[in-house]
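*Asks:* I have a structure I would like to understand better, so I am pasting it below and will then ask my questions one at a time.
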Amino acid sequence: MDVMDKNIGSLLCLDTWRKDVKIEDVKAALDKAAPGKIRVVSLTKVSREFHPNFSAKWRHYLYIFPIDDVLGEKQGGQIWIDDSTNVHQQNECDKSDVDKSNVNEINNENDKLVHGNKPTKFEVGKVNRLLGQLEGKLLSYKMFARDTKASRNIGPPTECFVFHARAIETSIPCAKDGSHMKTMCIELVANRFLRKMVRVLVATAIREAAAGADDDALLKLMDATCRRATAPPAPPDGLCLVDVGYTDYDIRHCLIP
């Protein structure tokens, strides 16, 4: 999860002991709260055993990365990475970091950016191939998390099953002038996400694509001993929570085929 994300669709759980409250009245009250800004898509009565977090079977995220006219040039299938993304990072850790790789001190305060002659362009198709290697696998994503508690740095708490991981180049309309902006959209669906995991995955996939890494580069990083082997989180501006599911995963929920 990430406290900086935006919600396209979100869950609101209301608790009451009153038996005279009708679902229709709750929906009407919520729709009137902020007309034109929020609306109720569905409303369901659940048992008291229901938990909005622990009962969820999957989470659906979308990351939107603007790529139109970066550095003032049209690059077609190849695009330039803006310096503000900060995706270039050391791949090596000093001994003290390796020794602490199973405790919280490996979190992200020691992230160091490396400047110099680094690759600065990548293909969206390459990002898609890198992410595609994660689909259908239960893996430990501890190297792709940040700010986690020490008790959640090893074992099952670090494991996530990714159902869907894709990237595509598309364009979205701009609200200001009606023009369209070329973007890369990354779609991720998993049974769970660790703290800042989506943004670290996005940044690391871009970095590895720019470096021309093998398609299984993200899988190899799972075996790293220090979180600085993965890139610092991508900016939070493009992160959107699309949906949270309480039924079995269905690929028809996805936006990118």
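Derivation of every value follows stated rules applied to the coordinates shown; laboratory data play no part. Every value quoted in this text rests on a predicted model; they were computed, and no experiment measured them. When we count neighbours, we look across all protein chains shown, and the Cβ atoms used for this are built from the backbone with ideal geometry, even at glycine.
*Asks:* For region 149-257, take the alpha-carbon Rg, divide it by the Kirkwood Rh, and send me Rg/Rh. If you can, show how the numbers build up before the last one.
*Replies:* Working: Rg = 15.8 Å, Rh = 16.0 Å.
Reported Rg/Rh, Kirkwood definition of Rh: 0.99.
*Asks:* While we're on this one: Run the numbers for Cys13 and Arg252: contour at 0.36 nm per residue of separation, minus the present Cα-Cα distance, in nm.
*Replies:* So the chain would gain 83.5 nm between Cys13 and Arg252.
*Asks:* Which residues does a label at Phe54 reach in region 235-257, if reach means a backbone N under 20 Å from a point 7 Å past the Cα toward the Cβ?
*Replies:* Within reach of a label on Phe54, which here means backbone N under 20 Å from a point 7 Å along Cα→Cβ, region 235-257 contributes 244-248.
*Asks:* How would you rank 174-185, 152-163, highest first, on the average number of other Cβ atoms within 10 Å across their residues?
*Replies:* Values: 174-185: 12.6, 152-163: 16.6.
Result, highest mean first: 152-163, 174-185.
*Asks:* Now, a different point. Report, in listed order, any pair from Lys57/Lys137; Lys149/Lys196; Lys121/Lys196 with a Cα-Cα distance greater than 22 Å. Before the final figure, lay out the partial values.
*Replies:* Values: Lys57/Lys137 15 Å; Lys149/Lys196 13 Å; Lys121/Lys196 24 Å.
From Lys57/Lys137; Lys149/Lys196; Lys121/Lys196, over 22 Å: Lys121/Lys196.
*Asks:* A follow-up question, please. Taking amide H atoms as placed 1.01 Å from N in the peptide plane, list the residues 5 or more away in sequence, or in a different chain, whose amide H sits under 5 Å from that of Trp58.
*Replies:* Under 5 Å from the amide H of Trp58: Gly245.
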